[in-house]
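Report on the following structure.
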Amino acid sequence: MNTRPQNTLQYDPRTIALHWLTVLLVASLWCLGQSIDWFPKGDPRTYARSVHITLGVILAAVVAYRLAWRAGAGTRLPPTGSGPMDKAAVVAHKLLYVLLVATVLLGLANAWERGDSLYGLLRIPAFDAEDKQLRENIEDIHALAANAIVILAALHAAAALFHHYRLKDQVLQRMLPRR
């Protein structure tokens with residue numbers, strides 16, 4: 001089965017779906033991460049943290065699959081040019097992938113250090129529950145990486161809109177779902 005798009009200026013449907021699924025997961029995880037402490041201690045906070053961890057594991061799987069797809073059958077489109085904007089786009093994409101992987105790994109380390117409960121059904125054993133400083137450091141770095149993803153993703157979206165409205169080229173349409 002040929003998964004190449006009919007329009008060679010557009011990514012293949014799987015690449016597009018993985019991109020937007022990543023956007024949805026990152027946005028959901030970031031919002032939940034910002035609001036977990038608003039939940040009352042006990043079951044409500046355990047459940048919110050469990051959902052956050054579950055979505056983080058799903059994001060890890062999506063990113064791993066996305067990287068494998070991109071390395072194999074996924075569509076790789078040529079840059080629209082060769083200037084500084086194209087070089088910046090390449091750096092931004094690579095940095096987004098690095099930040100995604102780092103944030104997921106830091107999130108897993110955070111859950112392991114903390115010794116979280118998943119939905120009250122399964123307990124992740126704590127690495128060193130007594131080391132409060134290590135737990136705070138991992139949590140802070142995880143939050144910093146997550147914030148960096150959101151900032152870089154916002155710049156990425158702004159660049160796509162700049163291409164669409166100011167440069168009036170086809171860059172944004174490359175990643176929009178087909179109608």
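Derivation of every value follows stated rules applied to the coordinates shown; laboratory data play no part. Quick caveat: nothing in here was measured; it's all calculated off a predicted structure. With ideal geometry, Cβ positions are generated from the backbone for all residues, glycine too; neighbour counts draw on all protein chains shown.
What to note about this one:
- Of all lysines in the structure, the ones whose alpha carbon falls short of 26 Å from that of Lys132, not counting any fewer than 8 places away in one chain, are Lys41.
- Here's the picture: charge each Lys and Arg Cβ at +1 and each Asp and Glu Cβ at -1 in segment 13-175, and of Gln173, Thr15, Ile138 the one pushed furthest to the positive end of that dipole is Gln173.
- The residues neighbouring Leu108, those whose beta-carbon lies less than 12 Å from its own, together hold a net charge of -1 under the Lys/Arg +1, Asp/Glu -1 convention.
- Local electrostatic count at Tyr47 - Lys and Arg +1, Asp and Glu -1, tallied over other residues with Cβ under 14 Å: 0
- Placed amide H near Leu118: partners under 5 Å, 5+ positions off or other chain: Arg123, Ile124
- Within the same chain, aspartates and glutamates fewer than 8 places from Lys94 are excluded, and of the rest, those with a Cα less than 19 Å from its Cα are Asp86.
- The Cα center of segment 141-160 and the Cα center of segment 23-47 differ in position by 18 Å.
- Radius of gyration over Kirkwood radius for the chain, both on Cα atoms: the Rg/Rh ratio is 1.04.
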